[in-house]
Amino acid sequence: MPKEEFVNDWFRKRKERKSHLIAEEIYPSLIRGDRTALSSAITLVESTLQNDQSESKELIKKCLKSQNKSWRIGITGVPGVGKSTFIEAFGRIFLEKGLKLAVLAIDPSSNITGGSILGDKTRMEWLSQQKNAFIRPTATGKSLGGVARNTNEAIILCEAAGFDVILIETVGVGQSETLVHSMVDFFLLLMLAGAGDELQGIKRGIMEMADAIVITKADRGNEKMAEMAKVQYKNALHLFPVKESDWIPQVKTCSSIEELGITEIGEMIESFFIKTITSGWLNENRKNQEVNRLKEILDNSILFEFYKSEQIKTIFDFYKKEVSNGHLIAYQAVEDILNEIKKGKFNFL
């Protein structure tokens, strides 16, 4: 078969497989921990096709009934800090304990084409070959802060498939990492040695969210620099208020390549979960996260319906001209639009 025909035939068969992703068929295999079923399930919830969205809602409903209580850990850090190398070394700890590990790696997308590299499986070569590990690279698209639109649903699917630990690797460091923080139980910030300059460049909000800071690449010969950074970060953390969980954020050093300090980080995170599960904070925090997510989704849905309305488009275009021509300031224009909605002159729902 010519190469072009082979490629076209592969795409045709793949399209046929994707068109038959039905919740009723995926669910039984998914809850047995089948990784192929899990991949299909995540593909389903990521699809923008109307029929797939309907099926994905059914699948999520089913999975909520058989949800496993996993540890949800967010991992972020400055570019070049070695997130993937750290995750591979860190993940080994859980697998050696007989636990199942899922990694949801959020890959950067091109702002122009929307494409992404999706190279995490090649960067985590050993981990991707383990039967109790599942790695799913997901393109960020236009999602704020590198969090894929359906990451929360992917977490639910992984839990239904019986995964005990779910790591969410995010892109870079920025204010939008609050989205990751809102999905996880423990938020881990990776930093490089040389803290003097880095403390100036990192946002206070990210530091406040962190449950732990890990100085990476503390290889033999670089220990002194890593320890200096550790002291500086410890001093910085003392400036922040006490967390609601009563957990005191810690600073650790590690070398992912030489596997130094990795076990201690695992023990620290285990102590966090023991403490927060015992106190009841973890369960309460999960409930609060879901309520906040409800509000966030509702806000986005109302905005979507608002701007989709032809009446809104007409009146918005009118006020846009009024503001750009200097006849109205933006606050006055918004007040006029809201008054017209309250008077029932038009309805966008």
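The values are calculated or read from the model by the stated rules, or taken from the named source; none is laboratory data. For clarity, every value in this text was computed on a predicted model and none was experimentally measured. Cβ coordinates were reconstructed from backbone atoms using ideal geometry, including for glycine residues, and neighbour counts include every protein chain displayed.
Tabulated data for the structure shown
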read-out	value
Residue within segment 279-299 that is farther than 30 Å from Val184 by Cβ, surrounded by 13 or more Cβ atoms within 10 Å (Cβ to Cβ) and of a type in the set (S, T, N, Q) present	no
Flag for Leu64 being modelled with pLDDT under 95 and aliphatic (A, V, I, L, M)	yes
Enumeration of residues in segment 25-61 that are of a type in the set (Gly, Ala, Ser), within 19 Å of Gly162 (Cα to Cα) and not in a helix (DSSP H, G or I)	Gly33
Flag if Ser66 is within 14 Å of Ala160 (Cβ to Cβ) and not hydrophobic (A, V, I, L, M, F, W, C)	yes
Subset of segment 34-50 (residues that are within 13 Å of Cys63 (Cβ to Cβ) and touching a residue at least 40 places away in the same chain (Cβ under 8 Å))	Ala37, Leu38, Ala41, Ile42, Val45
Test: Lys230 is loosely packed, with under 15 Cβ neighbours inside 10 Å, in a helix (DSSP H, G or I), free of Cβ contacts under 8 Å to residues at least 60 places away in the same chain and in contact with a strand residue (DSSP E or B) (Cβ under 6 Å, 6 or more places away or on another chain)	no
Any hit, segment 246-262, residues being more than 27 Å from Glu340 (Cα to Cα), modelled with pLDDT under 90 and assigned to a loop (DSSP other than H, G, I, E, B)	yes
Neighbours by Cβ (under 7 Å, 6+ apart or cross-chain): first from segment 293-321, outside the structural domain of Val184 (by TED's automatic domain parsing); second surrounded by fewer than 11 Cβ atoms within 10 Å (Cβ to Cβ)	Glu305/Leu349
Residue check, Phe134 assigned to a helix (DSSP H, G or I), crowded, with 17+ Cβ neighbours inside 10 Å, at pLDDT 95 or above and of a type outside the set (D, E, K, R)	no
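For every residue, the table says whether it meets (1) hydrophobic (A, V, I, L, M, F, W, C); (2) at pLDDT below 95; (3) not in a loop (DSSP other than H, G, I, E, B).
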{"residue": "Glu267", "(1), (2), (3)": "no, no, yes"}
{"residue": "Thr276", "(1), (2), (3)": "no, no, yes"}
{"residue": "Leu282", "(1), (2), (3)": "yes, no, yes"}
{"residue": "Gln289", "(1), (2), (3)": "no, yes, yes"}
{"residue": "Ser301", "(1), (2), (3)": "no, yes, yes"}
{"residue": "Glu322", "(1), (2), (3)": "no, yes, yes"}
{"residue": "His327", "(1), (2), (3)": "no, yes, no"}
{"residue": "Gln332", "(1), (2), (3)": "no, yes, yes"}
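For (1) outside the structural domain of Val180 (by TED's automatic domain parsing); (2) at pLDDT 85 or above; (3) crowded, with 16+ Cβ neighbours inside 10 Å; (4) more than 30 Å from Gly205 (Cβ to Cβ), each residue gets a yes or a no:
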{"site": "Lys3", "(1), (2), (3), (4)": "yes, no, no, yes"}
{"site": "Lys18", "(1), (2), (3), (4)": "yes, no, no, yes"}
{"site": "Ile31", "(1), (2), (3), (4)": "yes, yes, yes, yes"}
{"site": "Ala37", "(1), (2), (3), (4)": "yes, yes, yes, yes"}
{"site": "Gln50", "(1), (2), (3), (4)": "yes, no, no, yes"}
{"site": "Ile73", "(1), (2), (3), (4)": "no, yes, yes, no"}
{"site": "Gly77", "(1), (2), (3), (4)": "no, yes, yes, no"}
{"site": "Phe86", "(1), (2), (3), (4)": "no, yes, yes, no"}
{"site": "Leu95", "(1), (2), (3), (4)": "no, yes, yes, yes"}
